[in-house]
1. Once amide H atoms are placed 1.01 Å from N in the peptide plane, what residues at a sequence separation of 5 or more from LEU176, or on another chain, have their amide H within under 5 Å of its amide H?
2. Given R₀ = 51 Å, what would the calculated FRET efficiency be for GLN82 paired with ARG204, taking r from the Cβ atoms and rounding to 0.05?
3. Using Cα-Cα distances under 8 Å and only pairs 6 or more residues apart, what relative contact order does the chain have, in percent?
4. Please report how far the C-alpha centroid of segment 129-156 lies from that of segment 169-194, rounded to the nearest whole angstrom.
5. How big is the Kirkwood radius of segment 107-210, worked out from every pair of different alpha carbons and given in Å to one decimal?
6. Taking the Cβ-Cβ separation of ARG95 and ARG9 as r and a Förster radius of 35 Å, what is the calculated FRET efficiency to the nearest 0.05?
7. Considering only protein heavy atoms, what is the solvent-accessible area of LYS106 at a probe of 1.4 Å, reported in Å² to the nearest 10?
8. Per-residue counts of other Cβ atoms within 10 Å, averaged by peptide: what ranking do you get for 135-142, 233-240, highest first?
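The values are calculated or read from the model by the stated rules, or taken from the named source; none is laboratory data. Being a predicted model, the structure only gives us computed values, none of them experimental. Methodologically, a virtual Cβ is constructed for each residue, glycine included, from the backbone with ideal geometry; neighbour enumeration extends over all protein chains shown. Only protein heavy atoms, including side chains, enter the accessible area calculation; ligands, DNA and RNA are left aside. Shrake-Rupley method; radii C 1.70, N 1.55, O 1.52, S 1.80 Å.
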Amino acid sequence: MQPDPPRARDRAAELAASLGAVRGRIAAACQSAGRDAGAVTLIAVTKTYPAQDLATLVRLGVSDIGENKDQEAAAKVRTTAQLLAESGDGHAATRWHFVGQLQRRKARSVATYAHAVHSVDRSVLVPLLADAVDRADRAPLDVFVQLSLDGDPNRGGLPADEVPALAEAVAAREQLVLRGLMAVVPIGVDPDVAFAVLADESTRLSSRHPGAIAISAGMSGDFEAAVRHGATHLRVGTALLGRRKQTFG
Ligand SMILES: *Cc1c(COP(=O)(O)O)cnc(C)c1O
């Protein structure tokens, strides 16, 4: 193995520091909420950042990676595996989370690498994902139903009154595992208010589907509030990797 050039070492040190800081914030938030930090999964959302950064995060112990676009994700899944193989680091435990709006024609590709899809918000995706799991001959795919907290369908998610039917459709498929709900705080809304609504909807969902207790909520700016309201999966980008040059939906 070649020694890392200085710039790669600097970046690795930077990522180690930001990961330590984020883990510290999560631990503190869990402690003040009286929750076990082990009950919260940190997903590093790496969109727009290169596979080198993903490989570095995996070497630092990150087990869950999130991406929001299929083409970018599929390429980075391959490159990250190559980089880790070249450096002799294992990657078998890496779980890939698809967190972006999912187009129908991407379902088949996403099912080839994703451990979980956090953004299922229309019933048409259910048979497509189930068939894609069969085709990929893989373990069942974890599914989060995305709840819209502002009723704006352009931002992804569906209104609360449509969650039960979609959840039912997911639960009816043996290829899919209904894990719970996902949401993004609408711009201008107090995260504590938004996450309280999400927690209520999660309680309703799990009363009907006892296994569907996961809550995917909380980003760089609001994950402490998400932890207060029971989030089990935090999707953190900027606080780990830095500010992105472009903004993505
Ligand atoms: C980009 C993205 C994140 C991470 O956002 P940050 O503010 O950078 O932490 C989380 N969830 C989704 C759905 C995203 O697209």
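1. Placed amide hydrogens put LEU141 under 5 Å from LEU176.
2. My answer for the efficiency is 0.70.
3. 19
4. If we compute the Cα centre of each part, the gap is 10 Å.
5. Working: mean 1/r = 0.0716 Å⁻¹.
Roughly 14.0 Å, rounded to one decimal.
6. Details: r = 27 Å, r/R0 = 0.77.
Approximately 0.80, to the nearest 0.05.
7. Roughly 40 Å² of LYS106 is accessible to a 1.4 Å probe.
8. Values: 135-142: 14.5, 233-240: 22.4.
The peptides rank, most packed first, as 233-240, 135-142.
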